[in-house]
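The values are calculated or read from the model by the stated rules, or taken from the named source; none is laboratory data. Every value quoted in this text rests on a predicted model; they were computed, and no experiment measured them. Because the Cβ atoms are built from the backbone with ideal geometry, glycine has one as well, and the counts that use them run over all protein chains shown.
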Amino acid sequence: MTRSNALSMMPVPPVAARVGDTLDIVATPSLTVDLDAFDANLAAMAKFAARHGVALRPHAKAHKSSAIARRQVEAGAVGVCCQKLSEAYPFAAAGISSIHISNEFVGVDKLAMAVELASHVRLSVCVDSLPQVTALGEAASRAGVSIDVLAEIDAGQHRCGVTSEGALLTLVDGIAAQSALRFTGIQAYQGGLQHIVEYAARKAEAERTAECVARYLRALEARGLRCGIVTGSGTGTVEFDATSGVFTELQPGSYLFMDGDYGDNEWTGALRWHHSLFVLSTVMSAMRPGAAVCDVGLKGLAVDSGLPRSVKWLDGSSDLTLRYVSANDEHGMLEAQNAPDADTSQVIGKRLCLPPGHCDPTANLYDEYVCHRNGRVEEIWPIDARGLSR
Ligand SMILES: Cc1ncc(COP(=O)(O)O)c(C=O)c1O
């Protein structure tokens, strides 16, 4: 037998789940989506945006899955946002015809992707500097494509975006000088507000952001420039931004999954979200009283926004309440709450549902969502933009 024949006969790992499986036989760790909760979140945001007459362009970086983006567009979204150009490719290939890159980019590799994408979809991008505008305009012109351009303003986050009305006007003049670019509006995303826990404080800060955006809009209007699109917002402030009178388009992403970090926010307004994303894990060791170990750590669970806030038994078959206390590469360390001497050996082999602290980087760790209703797998959605971060 030749070496290449031997290699082609090598077994490959079995699939994690099949449609029709129950969650008690799905491989662990797996990233699971509770479809009842997911559908409710999907419909609530679509209805909310429609009721307020604002466009919904959800952020696809939260889920990185064209199967989900298609559902968002079917529910009324005008398209999706991507944070990176390479991330946009699977969405374009899946037929999402309007994609906004909600981020600045520079370099020949990025320009090549921008003009390629613009020849397949309606592409809009963010800019905040003249060299970026010039390079983009020249690349688009050479490629014979046109690109919608939104000038990003710093609405208080102090990340990207121009920091004065004068700088915005200079940038808009630079865009107008490029025949292959169309100035279509501004982006004002204020990420720093999304996780302000207290509802009233979050609302007050969102109102201050809207005032800041309005100042920039007045400067444009004074020059006879109207913005077709004013885009921004996230799950935490969407409720306020929709009624601000300045935003025409909303970019929330996490609302579909409602991670632990967002779960910590106070939701006393009109919108309520349900946790739909859980990492399914198995307890695989419990050698010490009051402690146990499960099979998901850092490689299956992003912990930048904290550890899972709760540990739920898949089948409710144990009375023991566990806390997820630390993550190693491939192990999750669990402790019995208020029961340091508890005999935990009874839970070896039992399954847990862990809500991730932060959905975006957790989704980026998996190849697929195992989607179930009442514990039975209905669909498996590839996370086809996973790892596409260029
Ligand atoms: C530019 C931009 N828009 C929208 C979002 C979506 O925010 P969220 O997932 O908090 O709803 C983000 C998230 O970081 C973002 O960076």
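Say we look at the stretch 95-127 and pick out the residues that are small (G, A, S), touching a residue at least 24 places away in the same chain (Cβ under 8 Å) and outside any helix (DSSP H, G or I); which of these is surrounded by the most Cβ atoms within 10 Å (Cβ to Cβ)? Explain how you work it out, then say what you get.
Of the residues in the stretch 95-127, the ones small (G, A, S) are 95, 97-98, 102, 107, 112, 114, 118-119, 124.
Of the ones still in play, those that are also touching a residue at least 24 places away in the same chain (Cβ under 8 Å) are 95, 97-98, 102, 112, 114, 118-119, 124.
Subsequent filtering for residues that are outside any helix (DSSP H, G or I) retains 95, 97-98, 102, 119, 124.
On the way: G95: 12, S97: 12, S98: 17, S102: 26, S119: 12, S124: 24.
Looking at the filtered set, the residue picked out is S102.
Scanning the stretch 230-253 for residues that are of a type outside the set (S, T, N, Q) and assigned to a loop (DSSP other than H, G, I, E, B) yields G234, G236, A242, G245, V246, F247, P252, G253.
I'd like the residue in the stretch 275-288 that is within 15 Å of the ligand (Cβ to nearest atom) and not in a strand (DSSP E or B) and, out of all such residues, is surrounded by the most Cβ atoms within 10 Å (Cβ to Cβ). Quick ask: steps written out before the conclusion?
Pass one, the stretch 275-288, residues within 15 Å of the ligand (Cβ to nearest atom): 275-277.
Pick out the ones that are also not in a strand (DSSP E or B) and you get 275-276.
Working: H275: 22, S276: 25.
Residue satisfying both the conditions and the ranking: S276.
Table: residues versus (1) over 18 Å from T209 (Cβ atoms); (2) within 16 Å of the ligand (Cβ to nearest atom); (3) among the small types (G, A, S).
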residue: G236; (1), (2), (3): no, yes, yes
residue: D241; (1), (2), (3): no, yes, no
residue: G245; (1), (2), (3): no, no, yes
residue: L298; (1), (2), (3): yes, no, no
residue: A302; (1), (2), (3): yes, yes, yes
residue: P308; (1), (2), (3): yes, no, no
residue: W313; (1), (2), (3): yes, no, no
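When the residues of the stretch 168-193 are filtered to those that are closer than 21 Å to H158 by Cβ and crowded, with 21+ Cβ neighbours inside 10 Å, the one that is nearest to the ligand (Cβ to nearest atom) is Y189. Only one of the numbered conditions (1) farther than 26 Å from Q72 by Cα; (2) in contact with a His (Cβ under 9 Å, 6 or more places away or on another chain) is violated by A176, and that is (2).
Pairing each residue of the stretch 366-382 that is closer than 13 Å to V279 by Cα with any residue that is part of a strand (DSSP E or B) and hydroxyl-bearing (S, T, Y), provided the two are 6+ apart or on different chains, yields C-beta distances under 8 Å for Y366/S30; Y369/T32; V370/S30; V370/T32; C371/T32; H372/T32.
Within the stretch 256-271, being under 18 Å from the mean Cα position of the chain (by Cα), surrounded by fewer than 24 Cβ atoms within 10 Å (Cβ to Cβ) and either away from the ligand (no atom under 15 Å from the Cβ) or closer than 12 Å to L42 by Cα (or both) holds for one residue alone: M258. Only residues that are assigned to a helix (DSSP H, G or I), within 23 Å of G107 (Cβ to Cβ) and within 16 Å of the ligand (Cβ to nearest atom) were counted in the stretch 47-91, giving 6. Counting only residues that are part of a loop (DSSP other than H, G, I, E, B) and of a type in the set (D, E, K, R), which one in the stretch 128-162 is farthest from Q251 (Cα to Cα)? Of everything passing the filter in the stretch 128-162, D128 is farthest from Q251 (Cα to Cα).
Do we have N328 as out of contact with any Cys (no Cβ under 7 Å at 6 or more places or on another chain), at pLDDT below 95 and loosely packed, with under 13 Cβ neighbours inside 10 Å here?
Numbers: out of contact with any Cys (no Cβ under 7 Å at 6 or more places or on another chain): yes; at pLDDT below 95: no; loosely packed, with under 13 Cβ neighbours inside 10 Å: yes.
In short, no.
Close contacts from the stretch 225-240, counting a first residue that is in contact (Cβ under 8 Å) with a residue 60 or more places away in the chain and a second that is away from the ligand (no atom under 13 Å from the Cβ) and outside any loop (DSSP other than H, G, I, E, B), with Cβ to Cβ under 6 Å and a gap of 6+ residues or different chains, come to I229/T184; I229/G185.
Of the residues that make up the stretch 247-254, is at least one away from the ligand (no atom under 16 Å from the Cβ) and more than 30 Å from Y324 (Cα to Cα)? No.
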